[in-house]
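The values are calculated or read from the model by the stated rules, or taken from the named source; none is laboratory data. Predicted, not measured: the structure shown is a model, and the values here were computed from it. Heads up, the Cβs are rebuilt from the backbone with ideal geometry, glycines too, and the neighbour counts pull from every protein chain shown. SASA here: full protein model, heavy atoms, side chains in, ligands and nucleic acids out. Shrake-Rupley method; radii C 1.70, N 1.55, O 1.52, S 1.80 Å.
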Amino acid sequence: QARQRYLTSLYYASDLDSHDPAQIAVIGELRNAIDRNQLCLHYQPKIDLTSGEVTGVEALVRWQSPQHGLLYPDKFIPFAEQTDLINPLTYWVVHTATRQVFAWKQRGLDLELSVNISVRNLQNPRLSSEILALARDAGIPLERLFLEVTESAIMTDPFHAIDVLGRLRDVGIRLSLDDFGIGQSSLSYLKNLPFNRLKIDKAFVMDLEEPSNQVIVQGVIAIAHGLGLSVTAEGIEDQEMLERVAGYGCDYGQGYHISKPMPAEQIPDWITRRRR
Ligand code: C2E
Ligand code: CA
Ligand code: CA
Ligand code: CA
């Protein structure tokens, strides 16, 4: 009840950047999508590149729209980010994913959870208390929860980002710097911001034939390790890429070669088959 009131208040507090009717229509549909249970999460496994063990999953949102079919986040997250809709959306994602991870835990699967956080979420003064409450209610230890934040989210307002991320980190939530290398990267973020992990963008990983990308990826891994961060490589699409990044000492890997994102119910069987 209280949560519903809160979500409703956010919906109407939204401020549109555009008066484009098509955009307003999509935002209106998306607003309803949360209440009508049209959003769903797919989970992409992440493995430890040394042991091959599955260590966690990243939650990736999809929208099953009656009008437009299955929509991928690139089609609607930008709209949500232009309004306060991204706040109830992220709330829904964290709520749903933490409960799912607890359900897996009860079946004997202990998985780390990564969720994506937008710049606008960092401007929500309740972000850390909400996430804290959701993790506690779901029975997920905070150190099993990773928030993936992009460089562009930090760039928008670095001082504010340092403050908010610092508070999240202080309560024990882990932070991962997402899409590293493709934005307006600055090495000073790695030094000054409280990240635990760095995620090398798939643009570098997918094109590891290219010698300059090999140098960049090896260099990024060395810098991250030197600063005490662990490293995930995303976008691993074949065995050769997997062996290369593992050979460079990268800690974790994600990508279609390991597994595509999949519905929650497929995760336990997938892990069982992999262990065999
Ligand atoms: P991301 O966080 O960089 O996530 C990785 C994207 O790459 C995902 O696309 C994933 O399905 C895809 N991917 C994974 N492995 C491979 C691979 O081997 N090859 C290729 N070509 N692609 C791979 P997806 O699910 O379409 O998500 C796109 C972006 O949407 C994400 O990029 C993230 O920035 C955003 N996003 C997804 N879910 C959420 C969410 O719940 N909240 C927010 N704020 N953003 C989200
Ligand atoms: Ca991500
Ligand atoms: Ca990426
Ligand atoms: Ca991204």
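Of all residues in the stretch 132-158, those satisfying the criterion of being within 13 Å of ligand 1 (Cβ to nearest atom) and not small (G, A, S) are F146, L147, E148, V149, T150, E151. Among the residues of the stretch 44-95, those identified as β-branched (V, I, T), assigned to a strand (DSSP E or B), within 16 Å of ligand 2 (Cβ to nearest atom) and surrounded by 19 or more Cβ atoms within 10 Å (Cβ to Cβ) are I47, V57, V61.
Counting only residues that are open to solvent by less than 30 Å² (accessible area, probe 1.4 Å) and over 24 Å from K46 (Cα atoms), which one in the stretch 150-177 is farthest from ligand 4 (Cβ to nearest atom)? The qualifying residue farthest from ligand 4 (Cβ to nearest atom) is G166. Of the residues making up the stretch 104-149, those that are away from ligand 4 (no atom under 16 Å from the Cβ), outside any strand (DSSP E or B) and not charged (D, E, K, R) number 21.
Just so you know, in the stretch 211-234 the residues that are open to solvent by 10 Å² or more (accessible area, probe 1.4 Å) and within 16 Å of ligand 1 (Cβ to nearest atom) include one that is farthest from the chain's Cα centre (by Cα), and it is N213. Would you mind stating whether L193 is free of Cβ contacts under 8 Å to residues at least 60 places away in the same chain, away from ligand 2 (no atom under 16 Å from the Cβ) and over 18 Å from A246 (Cβ atoms)? So L193 fits the description; yes.
Per this entry, T98 is counted among residues that are open to solvent by less than 40 Å² (accessible area, probe 1.4 Å), more than 16 Å from ligand 4 (Cβ to nearest atom) and either out of contact with any helix residue (DSSP H, G or I) (no Cβ under 9 Å at 6 or more places or on another chain) or assigned to a helix (DSSP H, G or I) (or both). Would you pick out the residues in the stretch 142-178 that are within 16 Å of ligand 3 (Cβ to nearest atom) and of a type in the set (F, W, Y)? Once the filter is applied, which keeps residues that are within 16 Å of ligand 3 (Cβ to nearest atom) and of a type in the set (F, W, Y), the stretch 142-178 yields only F146.
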